Amino acid sequence: MALTSGALTGPEIAREYADAILYTVRREKREAMTSPLYDLPGRSALGFEVIRATAPDLLRGLARRTTPEEIGLAMREPLMRPYLLQPFILMEGYFVGREQDRIRAELEGRDWDPEADAPDADLVATWYGRICAAYRTDDHVFPGKEVKDQPVLEQDRVAEIAVACAAPAGDEIERSRQVFGTLELYALTLHGEQRDGICDHGPYDLGGGGLLVMHEINDLANDYLPWSEPDVRLPVDAVGVARVHEPVGTEFDMFGTMNYTEPSVETREHCFWIREGAQIRSATLDELEEVAAAARPATAKLFKSVAGWDERFRTAYGGPLFANHLLPFVRLAGATDLESPFAEAVDVATEAAMAWIRDTTGPVWRHFSTARDGNEFFRPFAGS
Amino acid sequence: MSAGERAGTQIGRGMVITGGEGFSGRIATAESVDDVLSLLEQGVEGRVLLTDQASATAIAPILPSLTGVICTRGGQSAHLAIVSRSLGLPCLMQAELDEEIEPGDDVTVDPEGGIWR
């Protein structure tokens, strides 16, 4: 049965998440993903460890200023960052990092107690569950095997967007496709082959047979990642397109992205949006094409920059890459005093983990491929 | 050969991501960053990239200009598939080849994902 919001405990959330992530990564054959540019297994293993090492203190710092519910509700805006992927990475990072710690203990022949970090595990799991539940407008928590949608906008916001939509004129469909394909490629290149910044949500029933889905690309002006120099940042923070279809099959995943379940989908109406700082506004396709035009040379520059990385950084980039998912919570909460300590903690955790991460990467990836169920994927904890 | 027209011998098959009308072109391969940069310099008009990397970033500078992609790994959710779908770039994933394909070979992919040479 799909998890619903309500009196959820940390262990319950962790268990449901483990089942859902196992289902999702097996479907995508994630353990088979490779790249000539990056050490993907190593950078991910490093990223998980950095999250494990830094997230609990960060959440305790945030808890002095805000609640997970306030964060989740504030995320219910178009073109928002954080979106679903950021809490997902918080949870994945902590709990896979925890499994890595267990595997490392095994390799080193020492004992490992699943209750030793129970307070931190409980903190992370309950924050994840509470953020996700507040983010959605229904009573589910996150997509997975049984839940295939991700509605996050209030009805009045949906209505405002729907009214702005119009039938595509001339070659707008093809032009829109080129814009978003170009920006998706930019996002994947900026985020080192991680599907960060690509956000879908919905579907939203407009009544009268229309279904609206939002497709967004955010983090376009990233100022945190060390390789995101000013000359590869784009002039806006996020862009989006609202597409209205006749009833059509859609499937949303835990990463915050969507696939249509039918091979051919017609867009009945669409409209475009831009976010600059705190302001979201309606935009023209011409404006989005200007953003895409800036993205093309930026993508090429990023590629050449990555091509020059040394072997060590092809793994070590995972530290700031994963930390980039937690920073939006800090900024959303207005907790600017937490930014520098967090960035320093990330650097320390990255350096510490680089000393041993390569010894555990292989066993961790085998664990991903062979764990039979959620209880085996993440060792359970009893919690507080 | 025109796009989608079956001619020659079928030498493989794969999962059609985009390009439901079929596509044709001359094979190029890129096994390293230097290969990608070299293709970028030469130009890739009319070229179909044969690759075993389901990564989009590995070929980012040339991806939008290719005529098509044949990838021997990955699936619908692979990053290469996602970007190809968005760009409308003809793309075949999980391709299985009965014979070797060499750079310079002319190939056609039919609407059902059959690979012909």
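Collect the residues in the range B:37-56 that are part of a helix (DSSP H, G or I) and crowded, with 23+ Cβ neighbours inside 10 Å, keeping them in residue-number order. If you could, list the steps in order and put the result at the bottom.
Quick first cut of the range B:37-56, residues part of a helix (DSSP H, G or I) only: B:37-42.
Answer for the range B:37-56, where residues must be part of a helix (DSSP H, G or I) and crowded, with 23+ Cβ neighbours inside 10 Å: there is none.
Any chance you could count how many residues in the range B:64-78 are surrounded by fewer than 24 Cβ atoms within 10 Å (Cβ to Cβ) and at the interface with chain A (Cβ under 10 Å from one of its Cβ atoms)?
Residues of the range B:64-78 surrounded by fewer than 24 Cβ atoms within 10 Å (Cβ to Cβ): B:64-67, B:72-73, B:75-77.
This time we only want the ones that are at the interface with chain A (Cβ under 10 Å from one of its Cβ atoms), so: B:64, B:73, B:75-77.
Looking only at that region, the number is 5.
Hand me the list of strands (runs of 3 or more DSSP E) wholly inside the range A:251-300 holding 1 or more residues that are more than 11 Å from every other protein chain (Cβ to nearest Cβ) and touching a residue at least 60 places away in the same chain (Cβ under 8 Å).
Once the strands (runs of 3 or more DSSP E) in the range A:251-300 are filtered for at least 1 residues that are more than 11 Å from every other protein chain (Cβ to nearest Cβ) and touching a residue at least 60 places away in the same chain (Cβ under 8 Å), what remains is A:269-276, A:279-283.
With respect to B:GLY88, is the statement that it is out of contact with any Cys (no Cβ under 7 Å at 6 or more places or on another chain) and farther than 16 Å from A:LEU185 by Cβ true? Spell out how you get there, then give the answer.
Working: out of contact with any Cys (no Cβ under 7 Å at 6 or more places or on another chain): yes; farther than 16 Å from A:LEU185 by Cβ: no.
Criteria not met by B:GLY88.
Return the residues of the range A:137-194 that are surrounded by 19 or more Cβ atoms within 10 Å (Cβ to Cβ), outside any loop (DSSP other than H, G, I, E, B), away from chain B (no Cβ under 14 Å) and of a type in the set (A, V, I, L, M); say none if nothing qualifies.
The answer is A:VAL158, A:ILE161.
So A:ALA333 fits all but one of (1) surrounded by fewer than 20 Cβ atoms within 10 Å (Cβ to Cβ); (2) in contact (Cβ under 8 Å) with a residue 12 or more places away in the chain; (3) farther than 16 Å from A:TYR83 by Cα; what number is the exception?
Of the numbered conditions (1) surrounded by fewer than 20 Cβ atoms within 10 Å (Cβ to Cβ); (2) in contact (Cβ under 8 Å) with a residue 12 or more places away in the chain; (3) farther than 16 Å from A:TYR83 by Cα, the odd one out for A:ALA333 is (3).
Residue-wise test of (1) in contact (Cβ under 8 Å) with a residue 24 or more places away in the chain; (2) assigned to a helix (DSSP H, G or I); (3) in contact with a Gly (Cβ under 7 Å, 6 or more places away or on another chain); (4) surrounded by fewer than 17 Cβ atoms within 10 Å (Cβ to Cβ).
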| residue | (1), (2), (3), (4) |
| --- | --- |
| A:LEU302 | yes, yes, no, no |
| A:ASP310 | no, no, no, yes |
| A:LEU321 | yes, yes, yes, no |
| A:PRO328 | yes, yes, no, no |
| A:GLU344 | no, yes, no, yes |
| A:THR350 | yes, yes, yes, no |
| A:THR361 | yes, yes, yes, no |
| A:ARG366 | no, yes, no, yes |
| A:ARG372 | no, no, no, yes |
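I want to confirm something. Restricting to the range B:79-91 and keeping residues that are of a type outside the set (Ser, Thr, Tyr) and more than 7 Å from every other protein chain (Cβ to nearest Cβ), which single residue is surrounded by the fewest Cβ atoms within 10 Å (Cβ to Cβ)?
Of the residues in the range B:79-91, the ones of a type outside the set (Ser, Thr, Tyr) are B:79-83, B:85, B:87-91.
Narrowing further to those that are more than 7 Å from every other protein chain (Cβ to nearest Cβ): B:80-81, B:85, B:89-91.
Working: B:LEU80: 26, B:ALA81: 24, B:ARG85: 18, B:LEU89: 22, B:PRO90: 25, B:CYS91: 29.
Applying the filter and picking the extreme gives B:ARG85.
What number of residues within the range A:195-214 are within 9 Å of another protein chain (Cβ to nearest Cβ) and of a type outside the set (Lys, Arg)?
Restricting attention to the range A:195-214, the residues satisfying the condition of being within 9 Å of another protein chain (Cβ to nearest Cβ) are A:195, A:198.
With of a type outside the set (Lys, Arg) added as a condition, the list becomes A:198.
Residues that pass the stated criteria total 1.
Restricting to the range A:113-152, name every residue that is over 24 Å from A:GLN100 (Cα atoms) and either without any contact (Cβ under 8 Å) to a residue 12 or more places away in the chain or aromatic (Phe, Trp, Tyr) (or both). First the steps, then the outcome.
At the first step, the residues of the range A:113-152 found to be over 24 Å from A:GLN100 (Cα atoms) are A:130-143, A:145-152.
Within the range A:113-152, A:TYR135, A:PHE142 qualify.
Throughout, read-outs are computed from the coordinates displayed, never taken from laboratory work. Since the structure is predicted, the reported quantities are computational estimates derived from the model, not experimental observations. For neighbour counting, all protein chains shown are included, and Cβ atoms are generated from backbone atoms with ideal geometry for every residue, glycine included.
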